[in-house]
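The values are calculated or read from the model by the stated rules, or taken from the named source; none is laboratory data. Please read these numbers as outputs of a predicted model, since none were measured by experiment. Note that we place each Cβ from the backbone using ideal geometry, even for glycine, and neighbour counts take in every protein chain shown.
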Amino acid sequence: MAKPVVPLDPADRRDWVISALRRKGSSMRQIAFQIGVCPQAVAQALHLPSARIEAALAEKLELAVQDLFPERYRADGTRLCRTRLPDRKAA
């Protein structure tokens with residue numbers, strides 16, 4: 001089976017992920033429930049970095065996380081960007 005071509009444009013990728021999840025019998029809401037976050041967090045992860053949610057989406061879609069989010073990961077799967085600033089303080 002050929003590897004699916006994931007759109008690079010964030011808006012196109014969002015639509016692609018939603019339809020791919022539907023084909024797998026899942027949804028962003030189900031992913032959120034499984035990993036214990038709100039559905040909005042999963043939707044935001046398509047535009048803003050979140051390693052945990054990115055990994056859950058990639059796993060459900062049976063893709064490597066670097067194939068789903070190539071602008072956020074190196075080819076070997078290591079992150080290019082941090083998900084939070086290192087000196088961020090809790091309120």
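Cβ contacts < 8 Å: first residue under 13 Å from Glu54 (Cα atoms) and loosely packed, with under 14 Cβ neighbours inside 10 Å, restricted to segment 64-91; second residue among the hydrophobic types (A, V, I, L, M, F, W, C) and modelled with pLDDT of 90 or more, any location; separation 6+ or different chain. Result?
Pairs that qualify, where the first residue is under 13 Å from Glu54 (Cα atoms) and loosely packed, with under 14 Cβ neighbours inside 10 Å and the partner is among the hydrophobic types (A, V, I, L, M, F, W, C) and modelled with pLDDT of 90 or more, are Gly77/Ala64; Gly77/Val65.
Which of (1) in contact (Cβ under 8 Å) with a residue 60 or more places away in the chain; (2) surrounded by 14 or more Cβ atoms within 10 Å (Cβ to Cβ); (3) among the acidic types (Asp, Glu) does Glu54 not meet, given it meets every other one?
(1)
Lys3 is checked against (1) exposed (fewer than 11 other Cβ atoms within 10 Å of the Cβ); (2) touching a residue at least 40 places away in the same chain (Cβ under 8 Å); (3) touching a Pro at 6+ places or on another chain (Cβ under 9 Å) and fails just one. What number does that condition carry?
(3)
Provide a single number: the residues in segment 6-17 that are surrounded by 15 or more Cβ atoms within 10 Å (Cβ to Cβ) and of a type outside the set (Lys, Arg).
3
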